[in-house]
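The values are calculated or read from the model by the stated rules, or taken from the named source; none is laboratory data. Since we're looking at a predicted model, the values are computed, not measured. So basically every Cβ, Gly included, is an ideal-geometry build from the backbone, and we count neighbours across all protein chains shown. Ligands, DNA and RNA are excluded from the accessible area calculation, which covers all protein heavy atoms including side chains. Shrake-Rupley method; radii C 1.70, N 1.55, O 1.52, S 1.80 Å.
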Amino acid sequence: MTKAPGWNANLYSERHSFVWKLAEDLLQLLAPQKGERILDIGCGTGQLTAQIAAAGAIVTGFDSSQDMIRTAREKNPNLRFELGDAREIHLAESFDAVFSNATLHWIREPARVVTRIWRVLEPGGRFVAEFGGKGNLDTLISAFQRSFAALGLPGAEEANTWYFPSVGEYAGLLESQGFEVCQAALFDRPTPLEDGERGLENWVHMFAPVFLNRIPSENQAALLRELERRSRPSLFRDGQWILDYRRLRVLARKLRA
Ligand code: BEZ
């Protein structure tokens, strides 16, 4: 499994709120109903979990980060949150829907995750997810690679451990598990970062520390400046960094036997 960064829940909530603020459409696609049991995989600090609950669903937030789960419980004391790995979901009950936003690109073993989602769903249940798809962050990743090379640093290729599948690849995975894929789309979603000039550096510390951790600490500032210099022509506009996110969005159903 790709190891997601050791998440800092406060920083995540304060500086990276776009992660859930941009998920309105996905919630509409989920269309949670009163009384439905819904599992929210990669719930983070629980903002979307709370919105699902507000629709009257009985929701369980699920995340592999202790810090995220602790904060989610503090912010939403009436909701249920469970710590766990999406490749090994061991929950006693089953669900009418599984939801996941901006999480599945962290896990390099997607087939294991899809199998677990299948097992926790009721027959006829739906899986609604959005995450980084093929081409996600291509401009930024290329700038990372060119910055490493320019500074004579090794390790940029190995640091890129995200999983950004195509529609065909992911739909095929779902179908081979037995899902019916009702919708699958890949689309650009340019994503503005908060905090002006400092936005990219903040983002790297939050979401891509693996690139920094591979190099000696005395080179990290130089790498960040080189990354900014190379990314700026494409990704900085009007005082704001805007990253080249591409989303893969799916709606699939577990066929009844
Ligand atoms: C994404 O949401 O696409 C993403 C976020 C952080 C790192 C990689 C991908």
Surface per residue (accessible, 1.4 Å probe) for the chain, Å²: 44
Distant-in-sequence amide H partners of Glu36 (H built 1.01 Å from N, under 5 Å): Ile58
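Normalised by the number of residues in segment 92-164, what is the relative contact order in percent for Cα pairs under 8 Å and 6+ residues apart?
42
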Residues whose modelled amide H sits under 5 Å from the amide H of Cys182, counting only those 5 or more places away in sequence or on another chain, are Leu251, Ala252, Arg253
Enumerate by residue number the GluC sites (Glu not before Pro) in segment 47-132 meeting two conditions: DSSP loop (anything except H, G, I, E, B), and at most 13 other Cβ atoms within 10 Å of the site's Cβ. Glu93
Below 8 Å between Cα atoms, with a sequence gap of 6+, how large is the relative contact order for the chain in percent? 23
For the chain, with all protein chains present and a 1.4 Å probe, just round the carbon and sulfur fraction of the accessible area to a whole percent. 48
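Net charge within 11 Å of Glu180 by Cβ-Cβ distance, Lys/Arg positive one each and Asp/Glu negative one each, not counting Glu180 itself?
Counting the neighbours of Glu180, the net charge comes to +3.
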Can you give the convex hull volume per residue for the Cα atoms of the chain, as a whole number of Å³? 119
How big is the antiparallel share of DSSP beta bridges in the chain, given as a percent to the nearest 5? 50
Rounded to the nearest 10 degrees, the helix 138-150 long axis (Cα) sits at an angle to the longest Cα principal axis of the chain of 40
In whole Å, largest first, the alpha carbons of segment 45-97 cover along the principal axes 28, 27, 14
